[in-house]
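What follows is one structure encoded as structure tokens, with my remarks underneath.
Bear in mind these aren't lab numbers, they're just calculated from the coordinates by the rules spelled out. Because the structure is predicted, anything quoted here is derived from the model rather than measured. Here the Cβ positions follow ideal geometry from the backbone for every residue, glycine too, while neighbour counts run over all protein chains shown.
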Amino acid sequence: MSLHPLSRRLMAPDITAMKRVKPIISLTSYHAHTAAIADKYCDFLLVGDSLGMVMHGYETTVPVTLDMMIVHGRAVVRGAKKALIVVDMPFGSYEESPSVAFRNAARVMKETDCGAVKLEGGQRMAETTRYLVDRGIPVMAHVGLTPQSINVFGGFKTQGRTRDQWAAIENDARAVAEAGAFAVVLEAMAEPLAVRITDAIPIPTIGIGASSACDGQILVMEDMLGLSPRVPKFVKKFGAVAIAIEEAIQAYAEDVRGRRFPGEEHVYTMKDGAEADPPQGSAQSRKSRKS
């Protein structure tokens, strides 16, 4: 048997080992070039089903398909070299039974070469989480606001803002930790509850609209870059990419209309030194006709 060394990409146990050691940094990513940039700074990248909204213009994550996740997952894996890549399992691909979840998760792992998958749900997904982990598939869990369930929640509603909600959410977090999840995302959750869960469970908590006391943080990349027109309260815009893109496109359009682009430095000359006839309608052609 020949042995081939693994590239030193972070793996699920590496993320688990960061709890109470150092903050875990994460962003979503959907394509190779942003993955390559974020890879320099992030411990893991999530190919989130939020790509349905960010990349494809859906109003929710529900319409996202397994094939869509695989296409974007492949791109992110190719772009990143260091960070663990986690791929969301989309709505309808894992809820039916543990065996169905395994079949679809195995396909995601095989076809993208990612290092883990993410499932939404707490106690109801504990059995499935254990089933996948026992069969070699690392699972990141996700509790609190679970966007695939917004039709049940009645919208994107913050969780745990009244104490009578706390026990169920805490039990969700404990259940997935006991089932073998290597980390758990806490989304849109009252800050004291997020702190309480972070202190109570042995796996890292990854906050998104939760608490700075969580073991790590994640944001949708396009939201924090200022590319998304509307963002949740918990998002801090660290950039103004939408403005920069619009300014660049406006400058391009003005240069094309003014025939300033392409300039001489952007076009190809003849190899043998011979001069070709200028194209009809070009400035040089109009000049030669006048002379």
Residue by residue, what Karplus-based ³J(HN,Hα) values in Hz, rounded to whole numbers, does region 98-111 have, using 6.51, -1.76 and 1.60 with θ = phi - 60° and x for Gly and Pro?
-> x, 5, 5, 4, 5, 4, 6, 5, 4, 5, 4, 4, 5, 8
Mean Cβ neighbour count within 10 Å, used as a protection proxy, ranking 118-130, 218-230 highest first | 118-130, 218-230
Mind listing the phi-derived Karplus ³J(HN,Hα) values for region 254-271, rounded to whole Hz, using 6.51, -1.76 and 1.60 with θ = phi - 60°, and x for any glycine or proline?
-> 5, 5, 5, 4, x, 6, 8, 10, x, x, 4, 6, 10, 10, 9, 8, 6, 5
DSSP beta bridges in region 16-146, what fraction antiparallel, as a percent rounded to 5?
-> 10
Computed from the mean reciprocal separation of all distinct C-alpha pairs, what Kirkwood hydrodynamic radius does the chain have, in Å?
-> 21.2
Using a simple charge model, +1 on the beta-carbon of Lys and Arg, -1 on the beta-carbon of Asp and Glu, nothing else, what dipole does the chain show about its Cα centre, in debye to the nearest 20?
-> 520
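Can you sort E59, E95, E187 from fewest to most other Cβ atoms within 10 Å of each residue's own Cβ?
Details: E59 9, E95 16, E187 23.
If I rank by nearby Cβ atoms, fewest first, I get E59, E95, E187.
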Under a straight-distance cross-link criterion of Cα-Cα below 12 Å, which aspartates and glutamates are reachable from K22, leaving out those fewer than 8 residues away in the same chain?
-> D14, D43, D215
In terms of modelled amide H atoms, which long-range or inter-chain residues lie less than 5 Å from the amide H of I24?
-> G216, Q217
When the chain is treated as a Gaussian network with springs between alpha carbons less than 10 Å apart, the largest mean-square fluctuation among G136, G73, G263 is found at G263
Measuring from label point to label point, each 7 Å out along Cα→Cβ, what is the R124 to M55 span in nm?
-> 2.7
Can you tell me how much longer the chain between D14 and D199 gets when fully stretched, taken as 0.36 nm per residue apart minus their C-alpha distance, in nm with one decimal?
-> 64.7 nm
Karplus couplings for region 40-56 from phi (6.51 cos²θ - 1.76 cosθ + 1.60, θ = phi - 60°), rounded to Hz, Gly and Pro as x?
-> 5, 10, 9, 7, 9, 10, 9, 7, x, 6, 4, 4, x, 7, 6, 9, 10
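Counting DSSP beta bridges with both partners in the chain, what percentage is antiparallel, nearest 5?
5
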